[in-house]
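Can you read through this structure? Questions will come right after.
The values are calculated or read from the model by the stated rules, or taken from the named source; none is laboratory data. The model shown is predicted, which means the values in this text are computed figures rather than measured ones. Neighbour counts are summed over all protein chains in view; Cβ atoms, including those assigned to glycine, are modelled from backbone coordinates with ideal geometry.
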Amino acid sequence: MKNVDPSDIVKVVQNYSGYIKKVCHKFFIVGGTKEDLFQEGVIGAIEACKNYNGESLFEDKFDPFVKLCIKRQIIDAIKKTQAKKNLALNSSVPIITFDESGEEISKLDTIIDRTNICDPLEIFIDREKFNEKLKICERELSEFEKIVLSHYLAGEKQSEIAKKLGKTVKSIDNTLQRIKTKVK
């Protein structure tokens, strides 16, 4: 790789942004947006600038090289999202959300907290849905996953759960991801 003037890279990205958008329009990325593909195209253009062996980034020979790099970067990104090793991440549903202040809220808490519902039929249906999810948890989760989930639903953070159970935070995070996949 050679040293490239950052202002030249900016010019190249600006010059090829229309081409990147055109290429992105032809593709779809699982779990992503056109903006994600556009970013991958920009990365491809930057890599082309860094790896080009010619005299100048603005000579005629650079054009096919940068276009090839952009396409390859976008296609590689799509292939990575479709890899089986990413299947759980691409199809998982988050078990937590964040409120306006940035605090974590468990989605299971929102299922349980139905104090504003007055219709007895809705209360009954919600209870049935909740009981169904509990049955799925009982049937599908391992003993360790059930323990982690009970701590998590009690409002404990991953670091607290890890400390109590003598595990790493990463282990607890992985367990929560498995739980999300199974409950989905």
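Pairs please, first residue from segment 128-149 and closer than 15 Å to I161 by Cβ, second anywhere and small (G, A, S), Cβ atoms under 8 Å, 6+ apart in sequence or on different chains.
Taking only residues 6 or more apart or on different chains, not a single pair turns up.
Please report, ordered by residue number, the helices (runs of 4 or more DSSP H) entirely within segment 51-139 with at least 2 residues that are at pLDDT 85 or above and under 18 Å from the mean Cα position of the chain (by Cα).
Because the criterion is at least 2 residues that are at pLDDT 85 or above and under 18 Å from the mean Cα position of the chain (by Cα), the helices (runs of 4 or more DSSP H) in segment 51-139 that meet it are 62-82.
Yes or no, residue by residue, for (1) in a helix (DSSP H, G or I); (2) among the hydrophobic types (A, V, I, L, M, F, W, C); (3) farther than 16 Å from K80 by Cα; (4) not assigned by TED's automatic domain parsing to the domain that holds K71:
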{"position": "K11", "(1), (2), (3), (4)": "yes, no, yes, no"}
{"position": "Y19", "(1), (2), (3), (4)": "yes, no, yes, no"}
{"position": "V23", "(1), (2), (3), (4)": "yes, yes, yes, no"}
{"position": "V30", "(1), (2), (3), (4)": "no, yes, no, no"}
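Out of everything in segment 153-163 that is surrounded by 13 or more Cβ atoms within 10 Å (Cβ to Cβ) and out of contact with any strand residue (DSSP E or B) (no Cβ under 7 Å at 6 or more places or on another chain), what residue ends up being nearest to T181 (Cα to Cα)? Write out each step before concluding.
Here is the first cut: in segment 153-163, the residues surrounded by 13 or more Cβ atoms within 10 Å (Cβ to Cβ) are 153, 156-158, 160-163.
Okay, now just the ones that are also out of contact with any strand residue (DSSP E or B) (no Cβ under 7 Å at 6 or more places or on another chain), so 156-158, 160-163.
Numbers: E156: 20, K157: 20, Q158: 18, E160: 22, I161: 20, A162: 20, K163: 24 Å.
Of everything passing the filter in segment 153-163, Q158 is nearest to T181 (Cα to Cα).
Is it fair to say S17 is free of Cβ contacts under 8 Å to residues at least 40 places away in the same chain, out of contact with any helix residue (DSSP H, G or I) (no Cβ under 6 Å at 6 or more places or on another chain), within 20 Å of N3 (Cβ to Cβ) and surrounded by fewer than 17 Cβ atoms within 10 Å (Cβ to Cβ)?
no
Follow-up. In segment 1-38, how many are at pLDDT 90 or above and among the basic types (K, R)?
The total comes to 3.
Condition first: of a type in the set (A, V, I, L, M) and either surrounded by fewer than 16 Cβ atoms within 10 Å (Cβ to Cβ) or closer than 19 Å to F65 by Cα (or both). Now tell me which residues in segment 20-36 satisfy that.
Passing the criteria: I20, V23, V30.
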